[in-house]
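Notes to accompany the following structure.
Any read-out appearing in this document is the output of simple, stated calculations on the displayed coordinates, not a laboratory observation. Owing to the predicted nature of the structure, the values given are computational and were not obtained by experimental measurement. Here the Cβ positions follow ideal geometry from the backbone for every residue, glycine too, while neighbour counts run over all protein chains shown.
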Amino acid sequence: MSAAQQREFRMHPQMLYQVIVAQAGTPAKALLESVMNSIDAGATAVQVTLDAHGYVVEDDGRGFSGEQEVLEFFETFGTPHQEGDARWGKFRMGRGQGFAFATNRWRTGTFEMFVDIKNRGLAYDFRKGLEAVKGCRIEGEWYDQPPAYQLEHWKETLTEFCAWCPVPVILNGTRISQNPAESDAWTLETPEAWLKIDGNTTLKVYNLGVLVRDYHRSYLGVGGIVVSKQGLAMNMARNDILLSQCQVWPRIAATLKEQTNQAVFSGKRQDSDARKYLMSLLIAKEKPVAEMLHWKVFSDVQGRHLTLRQLAENTLPIAVFPKGERAGDMLASRKLALVLQEDTVARFGKGSTDKMLDWLANLCYQELTEISRKLTQQKLLSETEAKNLLGAQGYTPLTENELTPKEIAALRTLADTRFQAYLAQAIGHQLGRRPPRSIRAGFSDVAHAWTDGENFIWIERKLLQQMGTGLDGALRVLAILVHEYLHDQSDANSHFHDFGFYESFELVFTNSNIGDLAGLALNRYLKEAKKRGVPVSRKVVRAAYPEDPDSV
């Protein structure tokens, strides 16, 4: 048996090519890498020119002083930086991002390097002995010329990326960076960072002045800007913090949480992001259970926010529905169930309501035994059970015998077959044929009208009464009827509208003779009201006969 040989792994050139291409997110990110390299090289300013043909990045930094540096730091990818020799750089990979979008011509010292990775792969042209230049100049010519809107987006993105760079970054003649040490924008300054705390929904984190990522406000309970004074541990793409390795970020996060706690626990902040933040503390068990007992983090479909104690002491069955769904609103308004918002349960990340309650019961088991016991005794309703509990309470058809003369006059007006044919024709002219539907009366405390999506539309009796208020009332009733005609399925239990629905509604209402139909409906209503001895105001008469109201 031969002795063991010590060998080293190698990388295939095609893999290096893929690493270069795959790390490139956007041209704006590639330009940012060039700006960071310039500042790492000691530049006192970085000039960026960006247009539809390409870009130029030029600085007054150290550049490459010798051919050996070109070999080690340009030609070779992955040569590590020495500790302290760069503000951001770690493995000298970032320059490759620019190669993915454009040909690159680098001019530095007495050297020129030309890269065309798309057409020539990993080979590049190297020239030396040229007239010496200070710093480094990179000229890029796009492989694919961008449209104007995309170019503007890259400019905006680069501006955001470089917003707090410590040296001037000039884009097309305009400075887009500001030295954080010279700004008065900060709410707080610590040894680790400058902090601006505001009401924004995002927290923008800048590593030594360069944008890393956004956190949602609920993550640490605050929105605003963080610019670190010390380097954060970053992933290779430099778009996220390595939380398990970073020693600086935990101290920054602790300061931000302290600010949030002061606002939230004092009652100054009671918005949805504050509730999400409190829920994250609850899930992480960062506070004593007895203290968390009074946090209002459980939201129901009516917009109320309950504490853990209130949840435990609830005596109604518990159902879960998306906010805005009719069945949930009906259950809550009739006090048939405590209806939690679906998002509230989802934020706990336990998979289901029963698992969430079990987790909460276990959380309280040691210190709050009675609360724990009550949580385990809560009755949960499935969606089907909840809707069965409703029965027909939310939508009750009515006969004419149950209506007032005024309501009958309005119903007969709207149910007139000729009128319905005109309305269906007006809708169909814009959206395709819609067969007329039979109009009925009904009672509902959650809807103005509802339909089976095919044959019938039920109009809530309070809406029927608006026919007697004039043109505004008639137009409102017609708007509801058009709305119901656009539903081709029953909307009694679900009332979802996508963009196409609203677009269709707008198309019908702005391009059809709805105003004429409203006048026709009022004309018909006057006749039906007269038959039944229903008094009619002059406002209705004028709306029905605007040219000769005294003729009636």
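With 29 Å as the limit, the listed pairs LYS335/LYS355; LYS29/LYS287; LYS323/LYS462; LYS323/LYS406; LYS257/LYS379 have LYS29/LYS287; LYS323/LYS406; LYS257/LYS379 beyond it between alpha carbons.
Using the average count of surrounding beta-carbon atoms within 10 Å as a protection proxy, the listed peptides 433-441, 475-483, 27-35 rank, highest first, as 27-35, 475-483, 433-441.
For the range 279-289, the Karplus equation 6.51 cos²θ - 1.76 cosθ + 1.60, evaluated at θ = phi - 60°, returns couplings of 5, 5, 5, 4, 5, 7, 6, 7, 10, x, 4 Hz by residue, with Gly and Pro reported as x. Helix content alone sets the calculated 222 nm mean residue ellipticity of the chain: runs of n ≥ 4 DSSP H residues at -39500 (n - 2.57) each, divided across all residues, give -11500 deg cm²/dmol.
Close amide H contacts of GLN341 (hydrogens built in the peptide plane, cut-off under 5 Å, sequence separation of 5 or more or a different chain): SER299, ASP300, VAL301. The reciprocal of the average 1/r between distinct C-alpha atoms defines the Kirkwood hydrodynamic radius, which for the range 414-457 equals 11.3 Å. Amide H to amide H distances under 5 Å link ARG440 with ILE457, TRP458, ILE459, where only residues 5 or more positions off or on other chains count and H is placed in the peptide plane.
Radius of gyration over Kirkwood radius for the range 348-497, both on Cα atoms: the Rg/Rh ratio is 1.22.
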